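The values are calculated or read from the model by the stated rules, or taken from the named source; none is laboratory data. Small disclaimer: the values here were computed from a predicted structure and weren't measured. Glycine also receives a Cβ, built like all others from the backbone with ideal geometry; neighbour counts cover every protein chain displayed. Just the protein is used for accessible areas: all its heavy atoms, side chains included, with ligands, DNA and RNA removed. Shrake-Rupley method; radii C 1.70, N 1.55, O 1.52, S 1.80 Å.
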Amino acid sequence: MPATGDGRAPGAADLAGAHDGAPVGHARNRATTGPATAAPPIPHPRSRAAHASHPSHISEPGGPAGADGPADDAPLRLLVIEDDASDAQLIKDAAADSGTSIEIHWARGLDQATELLAPPAPWARRGRSRTPEFGCVLLDLTAPADLPHPSDSSDGLEGLHELLRRAPHTPVVVLTDAAGAELGAAAVAAGAQDFLLKHETDGPLLARALRYAVERKRADESQRRLVEAELRGQENARLQRHLLPTPLLDGAGLSFTRRYRPGRRRALLGGDFYDAVRTDDGTVHVVIGDVCGHGPDEAALGVALRIAWRTLVFAGLTGEALLTTLQHVLEHERRSDEIFATLCMLVIEPAAGSGLDALGAGERARLYLAGHPAPLLLGRDHGPITLPADLAGPALGLLPCHDGQAAWPAHEVELPVGWRLLLYTDGLIEGRVGAGSRRLGQDGLADLIGDHQAAGLTRGRLVDSAIAEVEELNGGALTDDVAVLLLERNPVQLILG
């Protein structure tokens, strides 16, 4: 490497003491008696004017240099792992001639370097500023590897492997001699960001290699985080898909169409929940609910309530007894006393008689509302009708059950032959209509569904077109979670849509 003047960079410290293994001391200024013989170095884009006259120095590891923490205009902190003092001096000289502000720290081997690379223990950080991390490591492949396992395979890269294990997130440039160019290429393949040949590296080449290493490591880290985020997203999607229910309606003679859209971006699960099951006596139980809020905590609570509801139904509970128990579950699972959940539950009793002729004949349902919008009854010879909500009770979690304030009486509903029921959460009716503050509301939804029915749309096409028009009226995607269920009496085997 080329040296300047007497072999030392202007303003740099001597390497005295290097032969006895002591770290190199702090930088000390060297007076100049004449005009500068070389052009001033090109300042680093983030360097201060104060660094322009001292582009590099070798300092004692852990010393005052940089102890106040990293700054936007701080020099690149370079850790040199080199057991030869003369080679360390050549590196310092090249750094001084690089035109880049570089702060050099020297370590004779990996053990000493590890002490500098490792963050201080939590107890050691109290009362003192954290030393900024190194921007890059320059490793001489001939430096002692200090391997904990001497039996490790020897490929000439033992030191690099150990360094990458101890400091996996720090960019590394390796040094080798001219005869070891192939070894340098192997080091890059093994995880280093670049390699340099000793005695053939000048200042600009060193600066280029360091900048390249830092940027390549940053790109690699960004790619790694992106891949990890994609894997986490895929795993979360699988988990959320499995948390959505599969209705248990075999033998019920019903078609069941469901649509679910969480309000959170890139989420598959929101605070809305739904389920439908048929018990052994032929009764069909349907629920749809909405936990207030839109975050993952609310989504988890919705799943807990849905699972609890199904368990209670199969345990034989129904009506107010079921809803009271479900409120107790909510009170124990919610993260705040302000969290509540609205809910609509239908209990459809089997028709009298037997066989296909009995399906849809003289059916009755009990409707329970806990602060939730009432379903729509879709007729063949009339427009959608909103079921009565005069017996609706409070949302789950708003009022205590023990003092009788929380009550959810049943409303008896007669279901005509070929009935269809549309259940939904309030996200579907709270969208805006036009640029003003007007909301769609239940009446607006009934009119909208009636228009789509008149156009001949049924089942999935009916639900999808209704949601699409609601979003169009809103001027974009709905911000709240949306769940929609269309339950239809169908005198054939269960159809899921």
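Things worth noting here:
- Filter pass, Thr257 being closer than 29 Å to Ser465 by Cα and either assigned to a strand (DSSP E or B) or open to solvent by 40 Å² or more (accessible area, probe 1.4 Å) (or both): yes
- Across region 455-471, not a single residue is classified as modelled with pLDDT under 90 and of a type outside the set (Asp, Glu).
- Residue in region 478-492 that is at pLDDT below 90, open to solvent by 70 Å² or more (accessible area, probe 1.4 Å) and under 30 Å from the mean Cα position of the chain (by Cα) present: yes
- Output for region 293-330, where each listed residue is within 20 Å of His411 (Cβ to Cβ), of a type outside the set (Asp, Glu), open to solvent by 20 Å² or more (accessible area, probe 1.4 Å) and part of a helix (DSSP H, G or I): Ala321, Thr324
- Any chance Arg489 is touching a residue at least 12 places away in the same chain (Cβ under 8 Å) and out of contact with any Cys (no Cβ under 6 Å at 6 or more places or on another chain): yes
- Counting the residues of region 417-440 that are in contact (Cβ under 8 Å) with a residue 24 or more places away in the chain and farther than 23 Å from Asp275 by Cα gives 7.
- Only listed residue being among the small types (Gly, Ala, Ser) and not in a loop (DSSP other than H, G, I, E, B), chosen from Gly456, Gly460, Gly476: Gly460
- The criterion of being under 16 Å from Trp106 (Cα atoms), modelled with pLDDT of 85 or more and not in a loop (DSSP other than H, G, I, E, B) holds for Leu139.
- Ala374 being open to solvent by less than 50 Å² (accessible area, probe 1.4 Å), in a loop (DSSP other than H, G, I, E, B), of a type in the set (Gly, Ala, Ser) and modelled with pLDDT of 95 or more: yes
- Some residue of region 84-94 being open to solvent by 10 Å² or more (accessible area, probe 1.4 Å), at pLDDT below 70 and out of contact with any Phe, Trp or Tyr (no Cβ under 8 Å at 6 or more places or on another chain): no
- When region 191-226 is filtered for residues that are hydrophobic (A, V, I, L, M, F, W, C) and either exposed (fewer than 15 other Cβ atoms within 10 Å of the Cβ) or outside any helix (DSSP H, G or I) (or both), the ones remaining, listed by number, are Ala192, Phe195, Leu196, Leu197, Ala219, Leu226.
- Number of positions in region 410-457 that are closer than 21 Å to Leu254 by Cβ and open to solvent by 50 Å² or more (accessible area, probe 1.4 Å): 4
- Selection from region 393-434 of residues that are assigned to a loop (DSSP other than H, G, I, E, B) and under 23 Å from Gly379 (Cα atoms): Ala410, Pro416, Val417, Gly418, Trp419, Thr425, Ile429
- Residues of region 162-183 that are open to solvent by less than 60 Å² (accessible area, probe 1.4 Å), in contact (Cβ under 8 Å) with a residue 40 or more places away in the chain and within 16 Å of Ile81 (Cα to Cα): Glu162, Leu163, Ala167, Thr170, Pro171, Val172, Val173, Leu175.
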